[in-house]
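All remarks here apply to the structure that follows.
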Amino acid sequence: MGEQKIAEDNVLAIRDLAVEFKTDIGMTYAVRDVSFSVPRGKVTAVVGESGSGKSVTANCIMRLIQPPGKIVSGSIDFSPTRTDGYDIVSLSNKDPRLFDLRGDLMSMVFQEPMTALSPVYTVGNQVAEAILCHRDVSEAEAWQEAVDMLTRVGIDDVSRRIHQYPFEFSGGMRQRVVIAMALVCNPELLICDEPTTALDVTIQAEILTLIRDLQQELKNSVLFITHDLGVVAQLADQVVVMYQGRVLEIGTVRQVLKDPLHPYTRGLLAAIPGLAQKGERLETISSVVGDADLETPYPLTQMADGRQVSLSPDLLREAGHE
Amino acid sequence: MSETLLEVNGLSKSFDGVVAVDDVSFSLNSSETLGIVGESGSGKTTLARCVLRAIDPDAGTVRFHGKHGQYDLHNLSERELIPLRQEMQMVFQDPFSSLNPRMTVQEIMEEPLIIHGIGDRASRREAVLDILSRVQLEQDALTRYPHAFSGGQRQRIGIARALVLRPKLVVCDESVSALDVSVQAQIINLLEDLQDELGLTYLFVAHNLSVVHHICDRILVMYHGRVVEEGPVEEVFNNPQQDYTKLLLSAIPSPDPDVPLVPIDRANLNL
């Protein structure tokens, strides 16, 4: 009964996910024992540095891991409202449900808008194509929906712009087009992988505002991958902190950013220049973490206030776990 | 308190009729860090390159106070510039593309000394070892190639290469932008330590305003090739005078969830 209740609240439940990459020196884990859930209708941020496994985790959800990478164990239970749920990991590569998953039930916004768009098709063509792939509508209807969606993401003069090619758009405008493509089929889960990292800070602020406003309007679930805690603070309801392929801490945005339990999370926050006093040396991860153990994969422990953290038994007691 | 190192006056540069830098003037004191901030296309990198004569400006003057007197960089020939290049060095953004993958770290760091005909084999080795320890790399790094290093370590190699000639002026063009936040903090601390030890003057080009706030004494805010605001960093951050500076500052997402992001309003921008 309890299991059932949790499944209903979450659009996605990742359990014990492990991904290996075959390299010259043997198998390397990109992700191991990763478990977290994405609550429905909320924004979940996965935050971590390069090599933390945050993008690999996102790619697993869309089944985009390709050789030499391989999902070796774990499950990703997807519970859409429009259709029956299933474990994404267990689908075969030819399963028709994968086609529905990619672009219809879920969609993804990538870091670099130019590589996500084809240079040889007009933007209207590319947004309409997403609809024509997944909906039984005429071409004219698809184009009309494309016009509506592009207007909604803030493209001015859409009737003219829709016939233009991606190179005629600025970086910020291209990212708006990619967001329109991603949202036009009204996905239940939108995955954003560093969508504002390549943009200027002013354009980033505009795109973050757009994603936040659209999420509140459409009430879809968002998984937001980023390395920037400022972006996390502005957008997320729930935060998952990853480090070297493992989850270190999960909690609400206020719990994790205002009162981090894990020394690594404290280090990430302290290393942001704005928080240090001018003229003082910046804290680095190692100066904050000290001799706390980051290498041993301690299990995620459920704390009293609903948050989870992976700490050594000593630190766990200090954090108030009985 | 300290003497002027660089005076830039009326510097302008266009590319095929597109104005990149438009009548920019500033001066830079010894041991000072001046930040140049702005969005992509604001002309900050072009300005930095014009100052070093990496590209030739269309108009304006750049006066550099070198070890052996004052020089008007804009008037010098390429040949006359060569000895001055020892005193002005650059650290680049991308720690991957800015190091030659076919050279060992020893070769990368020694090359500037060889080009400028400084010292013999033994004294060059000594200079390389000295700078290597200053950027906190181990001696066994010398025989390895750039691919064997992480992004942060490569940036240390890039900094060492710039400093081996003992320059007075170092231009850092987005030198910490490509790094993870924890590595970025280490490199910022390193740049500040080296400035104290070696009396360096930095021209620090960046789009990340929190980094600029931390490391710079004064800043120039650029927009469409022009300087829209200039001043001591605390003054500009605490009391920005221009609408564009206010907009730029308000766009930084705070890591405090209780400080909401203000939507960008370009319509009321008075430029």
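Taking the stretch A:49-87 on its own, how many of its residues are touching a residue at least 24 places away in the same chain (Cβ under 8 Å) and of a type in the set (F, W, Y)?
1
Does B:A160 count as within 13 Å of chain A (Cβ to nearest Cβ) and of a type in the set (G, A, S)?
Numbers: within 13 Å of chain A (Cβ to nearest Cβ): no; of a type in the set (G, A, S): yes.
No, not satisfied.
Could you tell me which residue of the stretch A:138-155 is surrounded by the most Cβ atoms within 10 Å (Cβ to Cβ), considering only residues that are in contact (Cβ under 8 Å) with a residue 24 or more places away in the chain and β-branched (V, I, T)?
A:V153
In this structure, does A:R212 turn out to be of a type outside the set (A, V, I, L, M, F, W, C) and either within 23 Å of A:V19 (Cβ to Cβ) or touching a Pro at 6+ places or on another chain (Cβ under 6 Å) (or both)?
Answer is no for this residue.
Which of the residues that make up the stretch A:186-206 are out of contact with any strand residue (DSSP E or B) (no Cβ under 7 Å at 6 or more places or on another chain) and either more than 10 Å from every other protein chain (Cβ to nearest Cβ) or of a type in the set (G, A, S) (or both)?
Restricting attention to the stretch A:186-206, the residues satisfying the condition of being out of contact with any strand residue (DSSP E or B) (no Cβ under 7 Å at 6 or more places or on another chain) are A:186, A:196-206.
Residues satisfying the conditions are A:N186, A:T197, A:A198, A:A205.
Condition check ((1) more than 23 Å from A:S286 (Cβ to Cβ); (2) more than 12 Å from the chain's Cα centre (by Cα); (3) of a type in the set (K, R)) across all residues:
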| site | (1), (2), (3) |
| --- | --- |
| B:I159 | no, no, no |
| B:L165 | yes, yes, no |
| B:D180 | no, yes, no |
| B:E192 | no, yes, no |
| B:V205 | yes, no, no |
| B:C216 | yes, no, no |
| B:G225 | yes, yes, no |
| B:E234 | yes, yes, no |
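Within the stretch A:211-227, can one find any residue that is facing another protein chain (nearest Cβ under 10 Å), more than 20 Å from the chain's Cα centre (by Cα) and over 27 Å from B:D217 (Cβ atoms)?
Checked against the condition, which is being facing another protein chain (nearest Cβ under 10 Å), more than 20 Å from the chain's Cα centre (by Cα) and over 27 Å from B:D217 (Cβ atoms), the stretch A:211-227 yields no hits at all.
Name the residues in the stretch A:80-106 that are closer than 21 Å to A:V56 by Cα, hydroxyl-bearing (S, T, Y) and outside any helix (DSSP H, G or I), would you?
The answer is A:Y86, A:S92.
For the stretch B:221-271, enumerate the residues that are outside the structural domain of B:L203 (by TED's automatic domain parsing), hydrophobic (A, V, I, L, M, F, W, C) and touching a Lys or Arg at 6+ places or on another chain (Cβ under 7 Å).
Of everything in the stretch B:221-271, just one residue is outside the structural domain of B:L203 (by TED's automatic domain parsing), hydrophobic (A, V, I, L, M, F, W, C) and touching a Lys or Arg at 6+ places or on another chain (Cβ under 7 Å), namely B:V233.
Looking only at the stretch A:298-318, how many residues end up being in a loop (DSSP other than H, G, I, E, B) and either of a type in the set (K, R) or exposed (fewer than 15 other Cβ atoms within 10 Å of the Cβ) (or both)?
6
The values are calculated or read from the model by the stated rules, or taken from the named source; none is laboratory data. It should be emphasised that the depicted structure is a prediction, and the values quoted were computed from it without experimental measurement. Virtual Cβ from ideal backbone geometry, glycine too; neighbours counted across all protein chains shown.
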